[in-house]
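The values are calculated or read from the model by the stated rules, or taken from the named source; none is laboratory data. This structure is a prediction, so every number in the text was calculated from the model and none was measured. Here the Cβ positions follow ideal geometry from the backbone for every residue, glycine too, while neighbour counts run over all protein chains shown. With ligands, DNA and RNA removed, areas are computed over all heavy atoms of the protein, side chains included. Shrake-Rupley method; radii C 1.70, N 1.55, O 1.52, S 1.80 Å.
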Protein chains: 2
Amino acid sequence: MIYSIGELARRTGVKIPTIRYYEQMGLMEPPERSSGNQRRYTQHGLERLSFIRHARQLGLSIEDIRELVDLSQRPERPCHEAHQIAARHLENLQARIAKLKKLEKELKRITGGSDTGQVGACHVIRALADHSLCDGDHG
Amino acid sequence: MIYSIGELARRTGVKIPTIRYYEQMGLMEPPERSSGNQRRYTQHGLERLSFIRHARQLGLSIEDIRELVDLSQRPERPCHEAHQIAARHLENLQARIAKLKKLEKELKRITGGSDTGQVGACHVIRALADHSLCDGDHG
DNA sequence: TATATTCCCTCTAGTAGCTATAGGTTCAAG
DNA sequence: CTTGAACCTATAGCTACTAGAGGGAATATA
């Protein structure tokens, strides 16, 4: 099967300009072109794009994905590195979740006050103005 | 007290170019200048910057903060709007946390496999290539 | 074969929220 | 009065796209 860029977009849910962007960034390899210079992808291109999309959905950076793609093209290389990239990303993710949970806690506190009056005495605004009112260890 | 931009930066932990950026974005009001055109801030400027920093740490957008700043300058306005901004942000945050937790789960699964061999049979890479291997509802 | 519609091409610029650099001026201390 | 740190503006860069202009290519129908 041969796919146009639009077909690829439809099948993967990745938008057309994004596919071209991935090509520019070296994630997608430049495909063959039709006589009229339009991109023509094979099954291989479809699989590569699925890989990229999946990794992006998991929050991996373009740079990380480039590493993984390079690794996957050298099957003799040790798997260790791929594992490390994923593990490093998991750590980042867990740190981010922890931080967001702290923020959630403070926002809940801030929005929990009684705010029926005027801005002059607004709990939300006072809480933001005075960091000392909060638990203090975010950021 | 009068502060230079550097003093303000030191006291709030916000970098100098960032303070100027906030001025450009309309969050900080343009301060008085010295005879040699350098910014001179008052206590008011320091407080405003603390407010902004705190809100940014909570993940509020520049746009949201601009609204809050505008509100806080009109003490007769109802507090309701400020409350809504914070509440809306809390919802976003909770959605983000939920999503990241899903990703965490899948990344844990991916990195949990035995990956001592070569890339050719790497679990990490296979899992990324084949979305059908995962629980499927992320993204 | 003509035409209409849909698709595709490249290139440029815009988004958020900064950060970094270049090239020059001012302030404060000694 | 000189030195060195701090400051100024303006511009460009970062991530990961997205949108638009202005045009060519592919395809379906008449």
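Within the range B:1-20, how many residues are touching a residue at least 12 places away in the same chain (Cβ under 8 Å), open to solvent by less than 50 Å² (accessible area, probe 1.4 Å) and within 11 Å of DNA strand D (Cβ to nearest atom)?
Qualifying residue count, the range B:1-20: 5.
What is the residue count in the range B:47-70 for residues that are assigned to a helix (DSSP H, G or I) and either open to solvent by less than 10 Å² (accessible area, probe 1.4 Å) or within 20 Å of B:G13 (Cβ to Cβ) (or both)?
Within the range B:47-70, residues that are assigned to a helix (DSSP H, G or I) and either open to solvent by less than 10 Å² (accessible area, probe 1.4 Å) or within 20 Å of B:G13 (Cβ to Cβ) (or both) number 15.
With the condition kept exactly as written, say whether any residue in the range A:44-57 is touching a residue at least 40 places away in the same chain (Cβ under 8 Å) and near DNA strand D (Cβ under 9 Å from one of its atoms).
Yes - at least one qualifying residue is present in the range A:44-57.
Looking at the range A:26-46 only, could you name the residues that are open to solvent by 40 Å² or more (accessible area, probe 1.4 Å) and assigned to a loop (DSSP other than H, G, I, E, B)? Walk me through how you get there before you give the answer.
At the first step, the residues of the range A:26-46 found to be open to solvent by 40 Å² or more (accessible area, probe 1.4 Å) are A:26, A:29-30, A:32-33, A:35-40, A:42-44.
A:G26, A:E29, A:P30, A:S35, A:G36, A:N37, A:Q38, A:T42 - these are the residues of the range A:26-46 that are open to solvent by 40 Å² or more (accessible area, probe 1.4 Å) and assigned to a loop (DSSP other than H, G, I, E, B).
Would you be able to say whether some residue in the range B:130-137 is modelled with pLDDT of 80 or more, assigned to a helix (DSSP H, G or I) and either at the interface with chain A (Cβ under 7 Å from one of its Cβ atoms) or in contact with a helix residue (DSSP H, G or I) (Cβ under 6 Å, 6 or more places away or on another chain) (or both)?
no
Of everything in the range A:41-62, what is farther than 20 Å from B:L100 by Cβ and of a type outside the set (A, V, I, L, M, F, W, C)? Give them in sequence order.
A:Y41, A:T42, A:Q43, A:H44, A:G45, A:E47, A:R48, A:S50
Give the residue that is nearest to DNA strand C (Cβ to nearest atom), with candidates limited to residues of the range B:1-25 that are closer than 18 Å to B:H54 by Cβ and assigned to a loop (DSSP other than H, G, I, E, B).
Checking each candidate, the answer is B:K15.
Do the conditions hold for A:E81, that is, is it more than 9 Å from DNA strand D (Cβ to nearest atom), in contact (Cβ under 8 Å) with a residue 12 or more places away in the chain, on the phi < 0 side of the Ramachandran plot and not hydroxyl-bearing (S, T, Y)?
Taking the combined requirement at face value, the residue satisfies it.
Would you mind stating whether B:R88 is under 24 Å from A:K108 (Cβ atoms), within 20 Å of the chain's Cα centre (by Cα) and either within 10 Å of chain A (Cβ to nearest Cβ) or without any contact (Cβ under 8 Å) to a residue 24 or more places away in the chain (or both)?
The answer is yes for B:R88.
Does A:Y41 satisfy the condition of being more than 11 Å from every other protein chain (Cβ to nearest Cβ) and away from DNA strand C (no atom under 12 Å from the Cβ)?
Judged against the criteria, A:Y41 is not a match.
Which of the residues spanning the range A:93-115 are at pLDDT below 80 and more than 7 Å from chain B (Cβ to nearest Cβ)?
A:K99, A:G112, A:G113, A:S114
Across the range B:21-38, which residue is nearest to the other protein chains (Cβ to nearest Cβ) among those that are within 11 Å of DNA strand D (Cβ to nearest atom) and farther than 18 Å from B:S61 by Cβ?
B:P31
Looking at the range A:61-73, is at least one residue within 13 Å of DNA strand D (Cβ to nearest atom) and under 27 Å from B:H89 (Cα atoms)?
Within the range A:61-73 (the criterion being within 13 Å of DNA strand D (Cβ to nearest atom) and under 27 Å from B:H89 (Cα atoms)), the answer is yes, since at least one residue qualifies.
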